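Notes to accompany the following structure.
Only the coordinates and a few stated rules stand behind these numbers; no lab work does. Just so it is clear, the structure is predicted and the values come from calculations on it, not from any experiment. Every residue, glycine among them, receives a Cβ derived from its backbone with ideal geometry; neighbour counts consider all protein chains shown.
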Amino acid sequence: MEAYTDFAYVYDVFMDNTPYDKWGGLLVSRLEKEGITDGILLDLGCGTGNMTELLSEKGYDMIGVDYSGEMLNVAMEKRARSGRQILYLQQDMREFELYGTVRAVVCVCDSLNYLLEEEEIEDTFRLVNNYLDPGGLFLFDFNTVYKYETVIGDATIAENRDNCSFIWENFYEEEGQINEYDLTVFVKEQEEEELFRKFTETHYQRGYTLEQIKRLLEKSGLVFMEALDADTLNEVTDTSERIFCVAREQGKVCDRSPDGI
């Protein structure tokens with residue numbers, strides 16, 4: 001899992017077209033439908049805290065977990081400005097720990113795609129199941145194999161802003177369903193001298209199919225409830241690029257290994 005480092009501080013600039021309000025509305029409506037209108041929620045892979053702040057504004061007590069200290073620094077700057085009571089923890093989602101259970105876990109903006117092995121997805125799902133209240137909800141999204149293979153695979157994307165620019169080069173490896181993207185970012189350091197700093201980062205994400213995700217949910221003890229195309233909010237199709245899923249806690253999975261109790 002690759003952490004956001006320098007890119008964390010310009011992440012929100014380049015992601016300003018991300019439909020947080022639309023996705024947040026979907027999360028809240030689905031939570032309210034199940035009677036979850038307050039209580040503690042976990043934002044897993046919270047990044048710079050955009051969704052965490054939004055859900056806190058809606059009245060939920062929020063915990064945000066992310067692997068990147070730099071992303072959490074940005075999130076905590078937002079918390080200082082908003083004055084919201086949000087707890088941020090720097091942890092790996094594959095082995096996160098909480099002090100107690102939560103009413104729901106959300107994980108959006110393709111955070112799960114940074115897990116490159118099915119075993120890592122299953123481990124994360126098992127932890128989610130473990131830390132959910134009885135009958136609690138897990139709401140998450142993921143990018144599909146179709147998106148990486150057909151839409152952005154082997155494409156180069158560039159964008160220029162007033163104070164920063166980036167080049168995003170994608171390389172898709174079909175056998176492992178892995179998308180490598182190399183980021184080159186130029187950030188203006190001194191306005192009057194037109195001085196820019198250059199830095200690079202390499203990230204890896206894996207595409208998943210809905211069938212894979214359903215199977216891993218079942219193995220972890222979670223119960224799959226529904227899936228929607230995250231862009232259209234209609235039924236999932238073969239050309240869905242991002243899929244939104246809802247699952248439910250239905251009992252904890254016991255350790256059945258030889259050393260288990």
26 Å Cα-Cα threshold exceeded, pairs from 147/188; 58/188; 78/188; 22/252: 147/188; 58/188; 22/252
For residue 161, net neighbour charge (Lys/Arg +1, Asp/Glu -1) across residues whose Cβ lies under 13 Å away: -3
Estimated inter-spin distance, residue 73 and residue 199, nm [label 7 Å along Cα→Cβ]: 0.7
Nearest-ten-degree value, helix 69-82 long axis tilted from longest Cα axis of the chain: 90
Value of [θ]222 nm, deg cm²/dmol, for the chain, DSSP H segments ≥ 4, -39500 (n - 2.57) each, nearest 500: -7500 deg cm²/dmol
Zero-based 5 Å bins, Cα pair distances in the range 147-206, whole percents: 5, 19, 24, 17, 13, 10, 7, 4, 2, 0
Which labelled figure in (i) 44, 40, 37; (ii) 63, 46, 41; (iii) 52, 46, 45 is Cα extents along the principal axes in Å, once derived from the coordinates: (ii)
